[in-house]
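Before any comments, here is the structure.
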Amino acid sequence: VEVDANGNFQVTNINAYAGNNGRAAIRANGLYFMSGNSNNGTGTPANVVAAAGIQVATAGQTQNPPQEVGNFSITQYGYAADKLGKDNNFRGLTVFNNTLYTTKGSGSNGINTVYQVGTAGSLPTLLNAATTPITILPGFTQALAKPNQNNPNYYFPFGIWFANGNTLYVADEGDGVATDAAVSPHAGLQKWTLNGGTWSLAYVLQNGLNLGQPYSIPGYPSPATDGLRNITGRVNADGTVTIWAITSTVSASGDQGADPNKLVAITDVLANTDPTVAATEKFVTLRTAQFGEVLRGVSFTPGTIFPTAPAIPITSSGLIYSRVTRTYNGTITIRNNSSNPISGPIYVLLQNLTQGVTLIGSDTSVIMGLPAVQVLGGGATLQPGQSATAPVAFSDPGGAPINFTPVIPNQGAV
């Protein structure tokens, strides 16, 4: 189900995730990419196995039978085969730099870790979905889930969010065991950084989550926070990031997934990799669900307006068409009109970009659901009165006039 900025719903019927449920969906290039679980029965019928993992469908068109994207198996990493369809018990889902990523964080089969779906810079299509590779990101665990289901030192990833091409935040929901919640070293918000092609864990943000500490809900068994599930984030103009997250829980309710949970937020210094510095950062609780409520996800609503930091005006040039690259090329310039230096990275987001037009290039990304270009690099400083310029390039197959509104979100843009 998709809702637009005017509150209109569009329903796309898809016959997938038989015997279980879908967990995440994201739209890109006119396609819906979905993740979920299937095949909870004792058998392995082919049509049920094919209804698991990552699915793809054209927005607004019924997809029956379902179209699976790839088919991960632990045999790719030298292990004996598991039950068919269960290695694809995927949870989180995101698109960054035109690349699809997913996670697995539960069940006794497969590997709980972070995956890349397809090749970098190329989203799967209906035509190549069946042959799309699914691989573990270099540096993330390749240890089997089966012997680690109740191991607090293992990984249980859920939501993921890229701050940039070298920084990935991963929500870890914990192992679901009440006695482990307070001692799990990985539950909470993990910060991973890319160095030499390999991801490494910088630190885990837990301060303020009060892991394992029960809280009261009138008329309900007292749950405790076990970790985090779905997340979204924003890169701020001052070199920090703000991440919003939905908590996971442990309790005696009999259905921990239905416990009243919390919406929390934290601000992290993007360039920091020192755990002792990060330890001073603290989650704040924005909302606690009440009896009969449960929070499932967090995202920016359609049509969200991101006010531009007033001290950083933005100028965009005209666009010139290149017959060689078949792209429209120009520049975006920012200027520091404040009396203080401004540290990078600084991204300019393109609101209201003409439908069918794609921002391309190595310094581009998706932030808060909008195409963005990095104008000032991480570690760089823009002195008062100085300017910084970045090239922009657009693919415009339909030849429509290219329009957009460039903005730099400030910390008040929620």
Residue within the range 62-71 that is in contact (Cβ under 8 Å) with a residue 60 or more places away in the chain, part of a strand (DSSP E or B), of a type outside the set (Ser, Thr, Tyr) and in contact with a helix residue (DSSP H, G or I) (Cβ under 6 Å, 6 or more places away or on another chain) present: yes
Residue list for the range 376-406, filter: more than 17 Å from residue 344 (Cβ to Cβ) and among the polar types (S, T, N, Q): 395, 403, 405
Residues satisfying the stated conditions in the range 189-209, i.e. surrounded by 15 or more Cβ atoms within 10 Å (Cβ to Cβ) and either in a strand (DSSP E or B) or outside the structural domain of residue 247 (by TED's automatic domain parsing) (or both): 189, 190, 191, 192, 193, 194, 199, 201, 202, 203, 204, 205
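Each row is one residue, and each column tells you yes or no for (1) modelled with pLDDT of 85 or more; (2) crowded, with 20+ Cβ neighbours inside 10 Å; (3) of a type in the set (Gly, Ala, Ser); (4) farther than 19 Å from residue 95 by Cβ.
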position: 316; (1), (2), (3), (4): yes, no, yes, yes
position: 322; (1), (2), (3), (4): yes, no, yes, yes
position: 325; (1), (2), (3), (4): yes, no, no, yes
position: 336; (1), (2), (3), (4): yes, yes, no, yes
position: 364; (1), (2), (3), (4): no, yes, no, no
position: 367; (1), (2), (3), (4): no, yes, no, no
position: 372; (1), (2), (3), (4): yes, yes, yes, no
position: 391; (1), (2), (3), (4): yes, no, no, yes
position: 399; (1), (2), (3), (4): yes, no, yes, yes
Any hit, the range 158-181, residues being under 24 Å from residue 111 (Cα atoms), assigned to a strand (DSSP E or B) and touching an Asp or Glu at 6+ places or on another chain (Cβ under 7 Å): yes
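Yes/no matrix, rows are residues, columns are (1) over 19 Å from residue 369 (Cα atoms); (2) in a loop (DSSP other than H, G, I, E, B); (3) among the aliphatic types (A, V, I, L, M); (4) more than 25 Å from the chain's Cα centre (by Cα):
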| site | (1), (2), (3), (4) |
| --- | --- |
| 24 | no, no, yes, no |
| 35 | no, no, no, no |
| 87 | yes, yes, no, no |
| 95 | no, no, yes, no |
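Among the residues of the range 120-148, count how many are polar (S, T, N, Q), part of a loop (DSSP other than H, G, I, E, B) and more than 27 Å from residue 243 (Cα to Cα).
Summing the residues that are polar (S, T, N, Q), part of a loop (DSSP other than H, G, I, E, B) and more than 27 Å from residue 243 (Cα to Cα) in the range 120-148 gives 3.
The values are calculated or read from the model by the stated rules, or taken from the named source; none is laboratory data. Predicted model, so just to flag it, every value in this text is computed and none were measured. Positions of Cβ are generated from backbone atoms using ideal geometry, with glycine treated the same way; all protein chains shown enter the neighbour counts.
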